[in-house]
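Heads up: the structure comes next, in structure tokens.
Just so it is clear, none of the values below were taken in a lab; they were calculated from the coordinates. Only a predicted model underlies this, so the values are computations on that prediction, with no experimental measurement involved. All Cβ positions, even for glycine, are placed from backbone atoms using ideal geometry, and neighbour counts span all protein chains on display.
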Amino acid sequence: MLKFFASGKSIEAKLYSAWHEGDLLATNLMLYWSGIAVYLFGGSVEHKRNTMPAYLLHWQAIEDAKAKGLRTYDFWGVETDPAHPWHGFSKFKLGFGGEIKKYEGTWDFVLQPAWYNIYKILRAINRKIR
């Protein structure tokens with residue numbers, strides 16, 4: 001993805017990584033497009049969580065977005081239901097301030113139904129064995 005967007009596309013991608021004493025602690029993939037910085041996805045490890053690597057990465061990405069003149073930083077979704085497993089992560093995102101905007105959901109446009117059905121079966125199996 002980074003290679004694709006590095007080839008002069010209208011969307012820029014940037015990978016942010018937080019390291020501490022040789023340990024990779026967190027990584028974020030950001031997209032910059034049409035005046036918006038979008039946190040596409042990322043992850044962090046439990047090890048050394050007290051160093052707050054996810055906060056550092058978002059802070060740096062926000063600073064970079066401001067330097068580019070962008071006025072919107074999109075955390076790509078939050079969950080407001082306290083019972084939902086993603087609620088804690090959403091509290092992290094909401095801790096930066098901002099506002100919640102609601103958009104229409106995403107939909108799959110299926111071009112090859114047979115392959116799509118195989119994908120759905122494999123995805124269901126993968127979610128059961130986790």
ask   = For the range 2-104, what D do you get in µm² per second when you plug the Kirkwood radius from alpha-carbon pairs into Stokes-Einstein at 25 °C and 0.890 mPa s?
value = 166
task = Could you size up the charge dipole of the chain around its Cα centre, putting +1 on the beta carbon of Lys and Arg and -1 on that of Asp and Glu, and report it in debye to the nearest 20?
result = 280
key: Nitroxide proxy distance, nm - points 7 Å out along Cα→Cβ at residue 17 and residue 108   = 3.2
message = Using Cα springs under 10 Å in a Gaussian network model of the chain, which residue among 74, 108, 64 shows the largest mean-square fluctuation?
response = 108
query = Which FRET efficiency value, to the nearest 0.05, do you get for residue 115 and residue 4 by plugging their Cβ-Cβ distance into 1/(1 + (r/R0)^6) with R0 = 35 Å?
reply = 0.95
task = Can you find, among 72, 52, 26, the residue farthest towards the positive end of the dipole of the range 2-104? Put +1 on the C-beta of Lys and Arg, -1 on that of Asp and Glu.
result = 72
inquiry  = Cut-off under 13 Å on the C-alpha distance; same-chain residues fewer than 8 positions from residue 91 excluded. Which aspartates and glutamates are left, in chain and number order?
reply    = 79, 81, 99
key: Unsatisfied cross-links (Cα-Cα over 27 Å) in the set 66/93; 14/120; 3/68; 14/102; 3/66; 102/128   = 14/120; 102/128
ask   = Most fluctuating residue of 67, 54, 18 in a GNM of the chain with Cα springs under 10 Å: which is it?
value = 67
